[in-house]
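What follows is a short report on a single structure.
Bear in mind that the values in this text are calculations on the coordinates, not laboratory data. Treat the numbers as computed from the prediction; the structure is a model and nothing was measured. Here the Cβ positions follow ideal geometry from the backbone for every residue, glycine too, while neighbour counts run over all protein chains shown.
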Amino acid sequence: MKTLFVSGTDTDVGKTWVSCQILGELRRRGIRIGAWKPVCSGAVQHDGQLVWEDIRSLASAIGVNDTDHALTDLICSHRFQAPMAPNVAARLEGRALSGDDLVGGLDAWEGYADLMLIEGAGGLLSPLSDGMLVADLAQRLTSPTLIVSANRLGTIHQTLATVEAAQSRGIKVVAVVLNEVSSDLDPVLRQANKDELKRLMPGIPLCTAGHGGAISGLLQEVDFLQWFDADRNATDC
Ligand SMILES: [Mg+2]
């Protein structure tokens, strides 16, 4: 299976939203695509199940009914209730995950999908378990990685730091998606963030996504398939 890892500069920058755009588009093209979230925290009890909004969104994007627990378990099998870093949330429940436990969740998809989108938790250097950061998992899987970044004040530092952390581990950054997470972004700041990141990250394709479900022309025109191919240099967008 070819994989694409979707990570971010922070939590709540739109990783799931961007992931669902990619999943939806590839599914419409008839590609057998799967979605995997290695771990989630902040899950809530509902009808005897631990549910979480991101799992619902990812399931819906790949055409899985969220009442199909066997398939939603494939999307995310390790769920913790405290809305904290997953390893801390696990500890509060007297549980712990090893790197092998985490990777086993991806292996379970074998035979069900040709392409896998993997959504990390939090930002690139957030812990998944006591011994594994999100970046360690992306590195172990040798997954090409997409970085989602929020278009707001402070994004230049956060984006550059995240890309540098990825590259220092040998993780291939296929693109950065600068995502407009609020409806009242100053248009001057919006453009300045884009121009500065373009200038400061030569060689890294930069895509933008507009606020409120409207994908800007840039993200709309991207061939998402190119991001799953570690040997291919993604084109600018
Ligand atoms: Mg998410």
Checklist line | 5 angstrom amide H check on residue 208, placed H, neighbours 5+ away | finding: 178, 218, 219
Check: From the Cα gyration tensor of the stretch 6-127, with a ≥ b ≥ c the square roots of its eigenvalues, which class applies: rounded if a/c is under 1.5, or else prolate if a/b is larger than b/c, or else oblate?
Finding: prolate
Notebook entry, point to check: Just 19, 129, 60 to compare: in a GNM of the chain, with alpha carbon springs under 10 Å, which one fluctuates most?
Noted result: 60
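Based on Cβ point charges of +1 for Lys and Arg and -1 for Asp and Glu, what charge dipole magnitude is obtained for the stretch 1-137 about its Cα centre, in debye rounded to the nearest 20? Mind showing how you got there, number by number?
On the way: 11 positive and 18 negative charges, 69 e Å.
Dipole of the stretch 1-137, to the nearest 20 debye: 320 debye.
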Item checked: Dipole of the chain, positive direction: furthest Cα of 234, 61, 123, with charges on the beta-carbon -> 234
Note to self: Between residue 93 and residue 44, how high is the FRET efficiency from 1/(1 + (r/R0)^6) when r is the Cβ-Cβ distance and R₀ = 22 Å? Nearest 0.05.
What the structure shows: 0.95
Item checked: Dipole of the chain, positive end: most advanced residue of 168, 3, 179 [Cβ charges, Cα centre] -> 168
Checklist line | Unit charges at the beta carbon, dipole of the stretch 1-106: most positive-side option, 98, 40, 24 | finding: 24
Note to self: Which of 193, 151, 179 ends up with the largest GNM mean-square fluctuation for the chain, with Cα atoms connected below 10 Å?
What the structure shows: 193
Next item on the list: With a point put 7 Å past each Cα toward its Cβ, work out how far residue 27 is from residue 114 in nm, to one decimal.
Entry: 1.7
Margin query: Using the Cα centre of the chain as the reference point, and only Cβ charges (+1 on K/R, -1 on D/E), how large is the resulting charge dipole? Debye, rounded to the nearest 20.
Written below: 300
Checklist line | Nonlocal amide H pairs with residue 80, under 5 Å, H built at 1.01 Å | finding: 40, 41, 42, 43
Item checked: Student exercise, the stretch 1-81 dipole from Lys, Arg, Asp, Glu Cβ charges, in Debye to nearest 20 -> 440
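Based on the mean of other beta carbon atoms within 10 Å per residue, what is the order of 224-234, 134-144, most packed first? Before the final figure, lay out the partial values.
Working: 224-234: 16.4, 134-144: 20.2.
So the order, starting with the most tightly packed, is 134-144, 224-234.
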Item checked: Alpha-carbon radius of gyration plus Dmax, which is the widest Cα pair, for the stretch 2-228 in Å -> 16.9, 51
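Compare the peptides 64-76, 31-43, 108-120 by average per-residue count of other Cβ atoms within 10 angstrom and give them in order, highest first. Before the final figure, lay out the partial values.
Working: 64-76: 15.9, 31-43: 22.3, 108-120: 18.5.
Listed from highest to lowest mean packing, they are 31-43, 108-120, 64-76.
Between residue 211 and residue 199, what length comes free when the chain is fully extended (0.36 nm per residue of separation minus the Cα-Cα distance, one decimal in nm)? The partial results should precede the final answer.
Working: separation 12, 0.36 × 12 = 4.32 nm, distance 2.32 nm.
Length gained between residue 211 and residue 199: 2.0 nm.
Could you work out the relative contact order of the stretch 1-152, using alpha carbon pairs under 8 angstrom and six or more residues apart, expressed as a whole percent?
Numbers: 288 pairs, mean separation 63.5, N = 152.
Taking the mean separation of contacting Cα pairs over the length of the stretch 1-152, I get 42 percent.
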Next item on the list: Indicate the gyration tensor shape class of the stretch 12-64 (rounded, prolate or oblate), computed on the Cα atoms with a ≥ b ≥ c the square roots of the eigenvalues: a/c under 1.5 is rounded; otherwise a/b larger than b/c is prolate and the rest oblate.
Entry: prolate
Note to self: Please report the antiparallel percentage of the DSSP beta bridges confined to the stretch 2-228, to the nearest 5.
What the structure shows: 15
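Please identify every one of the trypsin sites (Lys or Arg not before Pro) in the stretch 53-129 that sits in a loop by DSSP and has no more than 15 other beta carbons within 10 Å of its own beta carbon. Don't skip to the answer; put the middle values down first.
Values: sites: 56, 79, 91, 95; in loops: 95.
Sites meeting the loop and neighbour criteria: 95.
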